[in-house]
Amino acid sequence: MIVTPKFRGFICTTSHPVGCEYNVRQQVEYVKNQKKINGAKKVLVIGASTGYGLSSRIAAAFGCGAATIGLFFEKPASGNRTASAGWYNSAAFEKIAKEEGLYAKSINGDAFSNEIKQQTIELIKKDLGKVDMVIYSLASPRRTHPDTGEVFNSVLKPIGSAFTSKTVDFHTGKVENITIEPANDDEIRQTIAVMGGEDWSMWMDALKKADVLENNVITLAYSYVGPEVTHAVYREGTIGKAKDDLEATAYQITDKLKDIGGKAYVSINKAVVTQASAAIPVISLYVSLLFKVMKNKNVHEGCIEQMYRMFEDRLYSGDLKLDSKGRICMDDWEMDDDIQVEVSKLWNEANSDNIADISDVEGYRAEFFKLFGFGFDAIDYSADVDINVMIDSIN
Ligand code: NAD
């Protein structure tokens, strides 16, 4: 089949199997070209198929030589429908890991469920015995509570009052104002239930109870802070409340892991283009301006550069460089005053006429399509490709 991008807004309903493999190979190459890290050896990544989770898995496997179990919720191809990008990415990851002699197995299913937690525990017991790192990198619009069956939906809304801000349509480059109405209390509660720390905590409880955690295990989850212009919709909005909860959960998990010397950390990562972040209004304009400034100053990073740096310069450097709230700050370059002063100046100037010049909206759009395997010069998109790609350990 010849696969072309079919998109609307921040959703792309097709993905290119060869392009996705190319994307994963590029990330692997990046890590292989850096120095090896004496770090984790047996790693569970929850949310391992795209974005930060995929890059964490690649950094662990190809940076530290770790065996990895990756868990995700993706769709295989069916009839004329391509698989989701995360499916193709994971198939590629396993293929490349095998080429390099690294253990890699995957589980496709709902990480919020008790069944998938049990299935994962059984796989760890059977193949690895125990894990020394657990990365929790889920981004989901909904969660079914495993015990009560309640379905929670997360929303991206301000709290208290409506928020009006500039944003950009990254497909057209049109800059316009949007107004987002504030969330009610139930929407805040549901967003915390989806993106807060409860499920991370349930995972760590289940893994500990099953005795599949090594002494001194490290577990990580990811968060974001960002600049003032995004606070109403992000850090002080519904998702920010969920992140507050996630960050507080790290302390509770560390407490519960005390007897085995385990530690839970939250890493504040940089704003990048992923399927999850593309869905957040206003962030697209900020990220387009940020990319321009960071690229100009030669400090631009994508997911893989961030995750390799987190492993190499923080987790296994002997100095986590935690902030006053005990968080790992991978957003240090993004939040540098030099960068933020410039971004904020451009933010005030941005309009539909100058956006192509003063921002990297073009780079944003390119990154978006690359998430689905499109837009790589090295790939012949007119070629017929087999969309039925198997993931070795699943099929
Ligand atoms: P993403 O959309 O690229 O990845 C989400 C992952 O979660 C995928 O592997 C997906 O399969 C998996 N997933 C979703 N629902 C699932 C379910 N029910 N069961 C199993 N797997 C499921 O997202 P991302 O942007 O990489 O986000 C990962 C984390 O990083 C989030 O906590 C996010 O807030 C955080 N973060 C993102 C950014 C950013 O700019 N993208 C910045 C800082 C922090």
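What to note about this one:
- Pairwise FRET efficiency - Tyr251 versus Glu99, Cβ, R0 = 41 Å, nearest 0.05: 0.50
- Set of aspartates and glutamates with alpha-carbon distance to Lys258 below 15 Å, sequence-local pairs under 8 removed: Asp132, Asp205, Asp211, Glu214
- Modelled label reach - Ser161, point 7 Å along Cα→Cβ, the range 170-191 residues with backbone N closer than 16 Å: 179-183
- When the Cα positions of Gly53, Val287, Thr167 are compared along the charge dipole of the chain, Gly53 comes out farthest toward the positive end, with charges on each C-beta of Lys, Arg, Asp and Glu.
- Over the range 196-342, equivalent-ellipsoid semi-axes from the Cα gyration tensor in Å: 29, 18, 12
- Radius of gyration, Dmax [the range 166-218; alpha carbons; angstrom]: 20.0, 53
- Convex hull volume per residue, computed on the Cα atoms of the range 18-73, equals 71 Å³.
- In terms of overall dimensions, the C-alpha atoms belonging to the range 322-395 reach 48, 42, 18 Å along their principal axes, ordered largest to smallest.
- P(r) of the chain over all Cα-Cα pairs, binned every 20 Å from zero, in whole percent: 28, 61, 11
- Scaled radius of gyration (Cα, divided by 2.2 N^0.38 Å) that the range 58-99 gives: 1.33
- Model label sites at Ala366 and Lys297, defined 7 Å from Cα along the beta-carbon direction, differ in position by 2.1 nm.
- For peptides 200-212, 51-63, sequence by mean Cβ density within 10 Å, most packed first: 51-63, 200-212
- Compared with the rule-of-thumb size 2.2 N^0.38 Å for a compact globular protein, the range 72-204 has a Cα radius of gyration ratio of 1.37.
- Whole-Å distance, taken between Cα centres, linking the range 251-329 and the range 144-214: 18
- Summarised in one figure, the compactness ratio Rg/Rh of the range 6-109, Cα atoms and Kirkwood Rh, is 0.99.
- P(r) weight above 12 Å for the range 289-348, C-alpha pairs, percent: 69
- A simple spin-label model places the labels of Gln26 and Lys6 2.5 nm from each other, with each point 7 Å out along Cα-to-Cβ.
- Potential lengthening between Thr148 and Lys209 on full extension [0.36 nm per residue; Cα-Cα distance subtracted]: 19.9 nm
- Counting only protein heavy atoms and a probe of 1.4 Å, the accessible surface of the chain is 49% carbon and sulfur.
- Normalising the Debye intensity of the range 141-257 to I(0), with uniform scatterers on Cα atoms only, and taking log10 at q = 0.20, 0.24 Å⁻¹ returns -1.08, -1.30.
- Listed pairs Lys117/Lys270; Lys166/Lys270; Lys174/Lys297; Lys98/Lys270 exceeding 23 Å between Cα atoms: Lys117/Lys270; Lys174/Lys297; Lys98/Lys270
- When only the Cβ of Lys, Arg, Asp and Glu is charged (+1, +1, -1, -1), the dipole of the chain relative to its Cα centre reaches about 800 debye.
- Length added when fully stretched, Asp244-Asp392, from 0.36 nm per residue minus Cα-Cα: 49.5 nm
- Enclosing the Cα atoms of the range 215-261 in their convex hull gives a volume equal to 59 cubic angstrom per residue.
- Helix-only [θ]222 nm of the chain, DSSP H runs n ≥ 4, -39500 (n - 2.57) each, per residue, nearest 500: -11000 deg cm²/dmol
The values are calculated or read from the model by the stated rules, or taken from the named source; none is laboratory data. The model shown is predicted, which means the values in this text are computed figures rather than measured ones. Every residue, glycine as well, gets a Cβ built from its backbone with ideal geometry; the counts of neighbours run over all protein chains shown. SASA here: full protein model, heavy atoms, side chains in, ligands and nucleic acids out. Shrake-Rupley method; radii C 1.70, N 1.55, O 1.52, S 1.80 Å.
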